[in-house]
1. Treating the beta-carbon of each Lys and Arg as +1 and of each Asp and Glu as -1, no other charges, what is the dipole magnitude of segment 1-136 about its Cα centre, to the nearest 20 debye?
2. Would you mind getting me the FRET efficiency between ASP87 and GLN130? Use the beta-carbon distance for r and R0 = 25 Å, nearest 0.05.
3. Could you pull out every one of the lysines with an alpha carbon less than 19 Å from that of LYS201, ignoring same-chain neighbours closer than 8 positions?
4. Rounded to the nearest 10 degrees, what's the angle between the helix 218-229 long axis and the longest principal axis of the chain, both from Cα atoms, 0 to 90?
5. List the pair-distance distribution P(r) of segment 140-243, using every Cα-Cα distance, as the percent of pairs falling in each 5 Å bin from 0 up to the bin containing the longest distance, rounded to whole percents.
6. List the residues whose amide H sits under 5 Å from the amide H of ARG175, counting only those 5 or more places along or on another chain, with H placed 1.01 Å from N in the peptide plane.
7. Starting from the Cα of ASN77, move 7 Å in the Cα-to-Cβ direction to define the label point; list residues of segment 47-68 whose amide nitrogen is under 18 Å from there.
8. What is the Cα convex hull volume of segment 1-110 when expressed per residue in Å³?
Amino acid sequence: MIDDKSALAIIPARAGSKRIPNKNIKKFSGKPLIVHTIEHALAASYIDRVIVDTDSEDIAEIVRENGAEVPFFRPANLAQDTSLVIDNIIYTLNKLKEDESYNPTHVIILQTTSPLREVEDIDKCWDLMQRSNATTVLTVCSTHPRLYHLTEDNDIVLVNGTEADSTNIQDWPSRYILNGCFVYIIETNSLLKERRVITKKTKAIICDKWRSVDLDLPEDWELAELLYQNKEMLTNRIKKSCN
């Protein structure tokens, strides 16, 4: 606890994964994917506890071997393909309060699918949370300013402007998308009251676009491993090109 604030890191890790089988415990650059996120959480000094929300004994065994907790398992009704992360977070918070009288002031949600996250990303979000009136701080990355969708007939439709607007990217305001997300930090009271992660007072930290790979498809995994294995070189080259 720091300045009467306590932060609980929750790492959701359901066993089922159709697109990438056993995703959470599959080896990513030499160690189970989930271990990367556990290490990120344990490295943040302001995080009091690191809990993995899972329904799998296999995942739990790896979690405990790597320094995080699995105090209880996710119930079957919250471990379906249609289950919402927010419902599991609320279940975890309520059970911890009931079983242990543990009631953290902040929840930090870290998805296992962002192995290119850095501890610095969590630090920046925590710092913004402390010096602002935000009830949620999350991470984003830049994206193309013109956004389209396709109709059932494959007609392309611009949804955030008109085709008469300038095609010069510099003339458009910057646009951002949620990047996985690397990090969600939410004030517990606001999360429980609003029953959502993106609360009414949400602010964002911008992260590198090249690191914002969300592991959903096999090609995401292959790309992320290449980036991860070369991240020091890429970081140096990008910094050099900006000077």
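1. Roughly 520 debye for segment 1-136.
2. Computed FRET efficiency for ASP87 and GLN130: 0.35.
3. Result set, ordered by chain and number: LYS5, LYS124, LYS193.
4. The angle comes out near 90 degrees.
5. 2, 9, 13, 14, 17, 17, 15, 9, 3, 0
6. THR143
7. 54-55, by backbone N distance to the label point.
8. It is 96 Å³ per residue.
The numbers here are math on the coordinates, done by the rules we state, and not lab data. A quick note: this is a predicted structure, and the numbers were derived from the prediction, not measured. Cβ atoms come from the backbone with ideal geometry, glycine included; neighbour counts cover every protein chain shown.
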